[in-house]
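*Asks:* Pasting a structure here, questions to come.
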Amino acid sequence: MLRSLLSLFVQSLCPLCQRQTQELICTYCQQKIRGHHLSAWEIETSRDLPIFAWGKYEGHLKRAIAQIKYENKPELGILLGEWLGQSWLNTPQGKKIRRLTVVPIPLHQHKLKLRGFNQSTKIARGFCQVTGYTLNPHALIRVRNTEAMFGLNSQQRQENIHNAFRINKNFNSTVARSPILLLDDIYTTGSTIKEACQALTQNSLKVCGAAVIAIASFTNIHKENQKY
Ligand SMILES: [Zn+2]
């Protein structure tokens, strides 16, 4: 009796389906999210930087990302970051590269205040817990409070995000000694990653790629095992 009463207290509702669960999200929804996982790690090859995406931005994965950002579920970001880290460790790069500095795409301070956390930093935290890489959430600063990218086309996105980032002069210069992996929640046209990358490389820092939870554009991506 006492045990069943206690189990009621530790159970909470799955944010995606409202079923009772003892986990962050129920097993059913975890399986649904994993259904959007890219079977082989895929790489965007049309850009300068390799992009590593855990899954496709659709269905339950899309809903899970929305829960993180708009329903105040930072712990879900950490969980997805752990999944991203586990997948990364199975890639040739993940097996090969021992030292990396992980730099999440920053939010503008006004948005950070409103949301209370940066989802990319939460994802990066989970990612670094699994991979053992160094997390540096303060390497970049978002100096412009850009409009929401939703609904903008590729060129509008590029203009919107132009010069939005600068390097944090105060951050520890040890970051320069290991290559940087940028980390974001969603990859759409690549304009955000490109701008963030430029802000770092202009300061002679080496960026080796970007890892994201979900990729929204599917043109020009090739399965990694076709490339290597
Ligand atoms: Zn569920």
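*Asks:* Looking at the stretch 179-218, which of its residues are surrounded by fewer than 21 Cβ atoms within 10 Å (Cβ to Cβ), charged (D, E, K, R) and touching a residue at least 60 places away in the same chain (Cβ under 8 Å)?
*Replies:* K194
*Asks:* Also: Could you list, in sequence order, all residues of the stretch 24-38 that are more than 9 Å from the ligand (Cβ to nearest atom) and out of contact with any Asp or Glu (no Cβ under 8 Å at 6 or more places or on another chain)?
*Replies:* Q31, I33, R34, G35, H37, L38
*Asks:* Here is a follow-up. In a helix (DSSP H, G or I) and either in contact with a Pro (Cβ under 6 Å, 6 or more places away or on another chain) or hydrophobic (A, V, I, L, M, F, W, C) (or both): is that true of L61 in this structure?
*Replies:* Judged against the criteria, L61 is a match.
*Asks:* Looking at the stretch 122-135, which of the residues that are in contact with a strand residue (DSSP E or B) (Cβ under 7 Å, 6 or more places away or on another chain) and touching a residue at least 40 places away in the same chain (Cβ under 8 Å) is nearest to K69 (Cα to Cα)?
*Replies:* If we take residues in the stretch 122-135 being in contact with a strand residue (DSSP E or B) (Cβ under 7 Å, 6 or more places away or on another chain) and touching a residue at least 40 places away in the same chain (Cβ under 8 Å), then I123 is nearest to K69 (Cα to Cα).
One line per residue, one yes/no per condition, for (1) under 16 Å from V130 (Cβ atoms); (2) out of contact with any helix residue (DSSP H, G or I) (no Cβ under 9 Å at 6 or more places or on another chain); (3) buried (at least 22 other Cβ atoms within 10 Å of the Cβ):
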| position | (1), (2), (3) |
| --- | --- |
| L49 | no, no, no |
| F52 | yes, no, yes |
| K56 | no, no, no |
| A64 | no, no, yes |
| E71 | no, yes, no |
| N90 | yes, yes, no |
| R98 | yes, yes, no |
| V103 | no, no, yes |
| L112 | no, yes, no |
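*Asks:* Just to check your reading of the model, which residue among N90, N118 is farther than 24 Å from Q202 by Cβ and polar (S, T, N, Q)?
*Replies:* From the options N90, N118, the qualifying one is N90.
*Asks:* Counting only residues that are among the hydroxyl-bearing types (S, T, Y), part of a helix (DSSP H, G or I) and either closer than 11 Å to I105 by Cβ or at pLDDT 90 or above (or both), how many does the stretch 175-213 have? Can you show your working first?
*Replies:* Step one: of the stretch 175-213, the residues among the hydroxyl-bearing types (S, T, Y) are 178, 187-189, 191-192, 201, 204.
Among the residues that remain, those that are also part of a helix (DSSP H, G or I) are: 191-192, 201.
With either closer than 11 Å to I105 by Cβ or at pLDDT 90 or above (or both) added as a condition, the list becomes 192, 201.
Going through the stretch 175-213 one residue at a time, the tally reaches 2.
One line per residue, one yes/no per condition, for (1) within 12 Å of the ligand (Cβ to nearest atom); (2) closer than 21 Å to T192 by Cα; (3) modelled with pLDDT under 95; (4) not assigned by TED's automatic domain parsing to the domain that holds R115:
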| residue | (1), (2), (3), (4) |
| --- | --- |
| L6 | no, no, yes, yes |
| S46 | no, yes, yes, no |
| A53 | no, yes, yes, no |
| E75 | no, no, no, no |
| L80 | no, yes, no, no |
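*Asks:* With respect to Q11, determine if the residue is within 16 Å of the ligand (Cβ to nearest atom) and at pLDDT below 95.
*Replies:* It is true that Q11 is within 16 Å of the ligand (Cβ to nearest atom) and at pLDDT below 95.
The values are calculated or read from the model by the stated rules, or taken from the named source; none is laboratory data. None of the values given here were measured: they were computed from a predicted structure. For neighbour counting, all protein chains shown are included, and Cβ atoms are generated from backbone atoms with ideal geometry for every residue, glycine included.
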